[in-house]
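One structure is given below, encoded as structure tokens.
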Amino acid sequence: MTTIDTPRLDEAALEQFVNQAVGDLAAAISGLMLHLGDRLGLYRAMAGAGPVTPATLAGLTGTHERYVREWLSNQAAGGYVRYEPDDGTFELSAEHALVLADESSPVFLPGAFETVASTYTDHEAFVRAFTTGEGVDWGAHDERLYSGCVRLFRPGYAAHLVDSWLPALDGVVDKLVSGASVADVGCGYGASTVIMARAFEHSTFVGIDSHAPSIVEAQAAAVEAGVERRTRFEVAPAAEVPGTGYDLVTMFDCLHDMGDPVGAARRIRESLASDGTLLLVEPAAGARLEDNLNPVGRMYYGLSTVICTPSSLSQEVGLGLGAQAGPERLEAVLREAGFGRVEVATRTPFNLVVEAKP
């Protein structure tokens with residue numbers, strides 16, 4: 001009889017990994033709790049309110065005390081709120097409120113959890129994609145993907161775009177102040193377009209996106225911000241950007257989603273003025289997988305698996321660049337498209353900001 005040797009287990013390593021997996025399990029269900037707290041206004045009601053009882057919070061938000069009490073217990077167990085056992089109250093600190101309740105804060109995160117919540121709804125499409133190799137079109141997702149994305153990215157754009165990213169580009173701010181022609185490709189709900197339009201009143205902006213429902217939202221956002229006279233929005237793929245002679249073309253967190261990023265970048269280069277600039281913002285990443293084995297990389301690889309890569313694979317060419325392409329791969333794409341100058345202009349912990357010129 002043949003015997004099979006069973007490898008000797010490292011019990012300490014097993015215990016450590018079980019604890020890690022249980023922690024991830026707690027985080028997974030708590031992500032849903034965060035999404036509920038955001039949608040129901042629980043965090044907003046707690047912000048600045050001091051210690052509250054479950055009954056008080058339920059009264060402030062039009063919810064039922066029994067559900068709120070269980071939700072608050074989860075939040076206390078996770079360290080999101082402070083619990084005072086002597087009087088049974090819960091409190092959201094000012095620091096945590098910046099992350100959970102203040103949409104104007106650069107560290108506001110519920111939009112990211114809204115995005116992740118959408119992917120759970122779409123899990124059957126991902127199972128099919130894994131087994132067939134087919135893509136999942138950007139427009140085929142749960143609608144919270146689109147609303148979540150704008151809430152995820154807008155705080156960072158508001159914090160960095162005008163004050164940091166644009167000034168890092170050679171001569172671009174001077175053009176915008178004087179009056180420039182700008183195309184914002186892959187504009188989604190128009191957050192980036194509106195931010196630039198509000199900052200540079202002498203420039204004109206066109207937002208372009210292949211997803212028609214997003215363009216409708218972008219138009220509404222421009223009206224709400226009072227910049228509709230200097231902005232317009234069009235439905236078009238990046239490879240068919242309308243117009244030429246742009247002083248600046250921007251692409252925020254979208255090139256890696258495209259099936260043919262080289263073709264898209266080539267058309268963008270053709271649309272630029274001779275001294276025009278492409279501002280490309282992509283997720284922060286190193287060149288190698290081992291450079292990205294950290295919490296930010298873990299998040300981006302996960303999102304890339306179910307959003308970015310399926311989107312690319314659903315289109316012509318289907319390059320599947322992925323959200324963690326890194327600066328060298330992005331430079332290769334842009335140079336293949338004909339850009340002569342490509343360099344990293346600046347970075348944040350979450351963003352890689354690239355400047356490219358014809």
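Values computed for the structure shown
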item	result
Neighbours by Cβ (under 8 Å, 6+ apart or cross-chain): first from segment 145-160, closer than 14 Å to LEU303 by Cβ; second in a helix (DSSP H, G or I) and among the β-branched types (Val, Ile, Thr)	LEU145/THR115; LEU145/THR119; LEU145/ILE307; GLY148/THR115; GLY148/VAL116; CYS149/THR115; LEU152/THR115
Test result for ASP275, over 21 Å from the mean Cα position of the chain (by Cα), open to solvent by 30 Å² or more (accessible area, probe 1.4 Å) and under 24 Å from PRO327 (Cα atoms)	yes
Filtered residue count, segment 233-251, keeping only those that are over 23 Å from the mean Cα position of the chain (by Cα) and open to solvent by 60 Å² or more (accessible area, probe 1.4 Å)	2
Unique match (being more than 23 Å from the chain's Cα centre (by Cα) and of a type in the set (Asp, Glu)) among ASP38, ASP24, ASP10	ASP10
Any hit, segment 8-30, residues being modelled with pLDDT of 95 or more, assigned to a helix (DSSP H, G or I) and either among the hydroxyl-bearing types (Ser, Thr, Tyr) or in contact with a helix residue (DSSP H, G or I) (Cβ under 7 Å, 6 or more places away or on another chain) (or both)	yes
Residue check for VAL127: among the aliphatic types (A, V, I, L, M), loosely packed, with under 15 Cβ neighbours inside 10 Å and in a helix (DSSP H, G or I)	yes
Answer from GLU336, GLU282 - the residue that is acidic (Asp, Glu), more than 20 Å from the chain's Cα centre (by Cα) and either closer than 30 Å to ASP24 by Cα or open to solvent by 70 Å² or more (accessible area, probe 1.4 Å) (or both)	GLU336
Residues within segment 233-269 that are over 21 Å from PHE153 (Cα atoms) and either touching a Gly at 6+ places or on another chain (Cβ under 7 Å) or in a loop (DSSP other than H, G, I, E, B) (or both), tallied	13
Conditions (1) open to solvent by less than 70 Å² (accessible area, probe 1.4 Å); (2) modelled with pLDDT under 95: number failed by PRO106	(1)
Cβ-Cβ under 7 Å pairs, at least 6 apart or on other chains, segment 57-86 side open to solvent by 40 Å² or more (accessible area, probe 1.4 Å), far side modelled with pLDDT under 95 and in a helix (DSSP H, G or I)	none
Filtered residue count, segment 309-358, keeping only those that are at pLDDT 95 or above, among the hydroxyl-bearing types (Ser, Thr, Tyr) and not in a helix (DSSP H, G or I)	2
Flag if VAL216 is in contact with a strand residue (DSSP E or B) (Cβ under 9 Å, 6 or more places away or on another chain), β-branched (Val, Ile, Thr) and assigned to a helix (DSSP H, G or I)	yes
Number of positions in segment 33-44 that are open to solvent by 40 Å² or more (accessible area, probe 1.4 Å) and farther than 15 Å from LEU72 by Cβ	1
Restricting segment 174-206 to residues that are aliphatic (A, V, I, L, M), open to solvent by less than 40 Å² (accessible area, probe 1.4 Å) and part of a helix (DSSP H, G or I), the residue that is farthest from PRO106 (Cα to Cα)	LEU176
First in segment 161-180 and under 23 Å from GLU282 (Cβ atoms) and in contact (Cβ under 8 Å) with a residue 60 or more places away in the chain, second anywhere and open to solvent by 70 Å² or more (accessible area, probe 1.4 Å) and in a loop (DSSP other than H, G, I, E, B), Cβ under 9 Å, 6 or more apart	LEU176/HIS202; ALA180/HIS202
Test result for LEU313, under 22 Å from PRO167 (Cα atoms), buried (at least 18 other Cβ atoms within 10 Å of the Cβ) and within 21 Å of the chain's Cα centre (by Cα)	no
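The values are calculated or read from the model by the stated rules, or taken from the named source; none is laboratory data. Being a predicted model, the structure only gives us computed values, none of them experimental. Every residue, glycine among them, receives a Cβ derived from its backbone with ideal geometry; neighbour counts consider all protein chains shown. These accessible areas exclude ligands, DNA and RNA; they are computed on the full protein's heavy atoms, side chains included. Shrake-Rupley method; radii C 1.70, N 1.55, O 1.52, S 1.80 Å.
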